[in-house]
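Please treat every number below as a calculation from the coordinates, not as lab data. Since the model is a prediction, treat every value here as computed from it, not as a measurement. Cβ: placed from backbone, ideal geometry, glycine included. Neighbour counts: every protein chain shown.
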Amino acid sequence: MKYLRLAIDLDGVVANFNAGWIRFYNRDFDADLTVDLVDGWDVIPRITHFAHMGQFWDWAADLDGASLFRHLDTFPDAVPALEDLERRGHHIAIVTSKPEFAVHDTFCWIGERRIPTTEVHVTEDKPSVSADVFLDDAPHQLRRLRRSRPESVVVRFVRPWNGPLPGVEDIHDWDEFVALVDALSTVD
C-alpha cells in the first residue's frame, strides 16, 4: 500500500459554509433563506440584501465575537472519514483560502473540531502546496489545480455551485473519497 499526501479544502468540503452563513443571516436579518438557494459560486449578493461580497465579508468578520468561520459545523461524515484516512497512514494537509480576518478563527475551529491534521496552509495559491491528491469544491481552484499540478489527482466534491471539469475526478460524498484514496493507494 502506498501512503498518500492528501490536500483537503475546508469550506464546502469539511465545513458546511453555506448552512453556517445562512443560519446567521436568517437570525441577524429576520430572513428565511435555505441552503438550496446556493446554486452558484458567487450567489450571495443575488440572494441577500448585500450589494457585493465586500459587504458580506464585513458582516461575516464579527458574529458573536468571532468570524463566521469559527461557527461553522462540519459535514456529517467529514471528520470520521479523515480520521479513517489518517489511521490508514495517509498524510492530511489542510489547504484552505480564507479572508485575513478569519485565519485565527480557522485554526481554533480546526482544533475545536479535532480535524485530523498536522499541517495547515491558509493560501489562495493552493497549487503552491504539493500533494498526491487535492480535494476541493471551488471551481476556480479546481481549474487552477488541474492546470498547475498535472502530476496530482484533483478531485471535485460535487456541489450545486460547481460543474464537471476535464481531468478532474468527481466524488459525491466522503465514502466515495475514501474509496478513491484506497484505489489510488494500491496503484504502483
Item to complete: Report the extension gain between residue 36 and residue 170 in nm, rounded to one decimal, defined as 0.36 nm multiplied by the number of residues separating them, less their alpha carbon distance.
Response: 46.2 nm
Fill in: segment 18-70: relative contact order in percent, alpha carbon pairs under 8 Å with at least 6 residues between
26 percent
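Note down the relative contact order for the chain as a percent, whole number, built from C-alpha pairs under 8 angstrom at least six residues apart.
In percent, rounded to a whole number, it is 28.
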Practice prompt. Work out the charge dipole of segment 31-144 with +1 on the Cβ of Lys and Arg and -1 on the Cβ of Asp and Glu about the Cα centre, then indicate which of 54, 90, 44 is farthest towards its positive end.
Written response: 90
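If eta is 1.567 mPa s and T is 4 °C, what Stokes-Einstein diffusion coefficient results for segment 65-116, Kirkwood Rh from Cα pairs, in µm²/s?
D = 108 µm²/s.
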Discussion item. Kirkwood Rh and Cα-based Rg: tell me the resulting Rg over Rh for segment 18-70, rounded to two decimals.
Written reply: 0.92
Worksheet item: Under a Cβ-Cβ cut-off of 14 Å, what is the net charge of the residues other than residue 90 that fall near it, where Lys and Arg count +1 and Asp and Glu count -1?
Response: -2
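Order 149-155, 90-96 from most to least packed using the mean count of other Cβ atoms within 10 Å.
Working: 149-155: 18.0, 90-96: 21.9.
Those peptides, ordered most packed to least, come out 90-96, 149-155.
Using the Cα centre as the reference, give the magnitude of the dipole from point charges on the C-beta atoms of the chain (Lys, Arg: +1; Asp, Glu: -1; all else neutral), rounded to the nearest 20 debye.
So the dipole magnitude of the chain works out to roughly 480 debye.
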Discussion item. Taking 37 °C and 0.692 mPa s as the conditions, I'd like the Stokes-Einstein D for the chain in µm²/s, using the Kirkwood hydrodynamic radius from alpha carbon pairs.
Written reply: 191 µm²/s
Practice prompt. Please provide three numbers in whole Å: the alpha-carbon extents of segment 1-41 along the principal axes, with the largest listed first.
Written response: 52, 18, 14
Worksheet item: Which value in nm describes the separation of the simple spin-label points at residue 121 and residue 88, placed 7 Å from the Cα toward the beta carbon?
Response: 2.2 nm
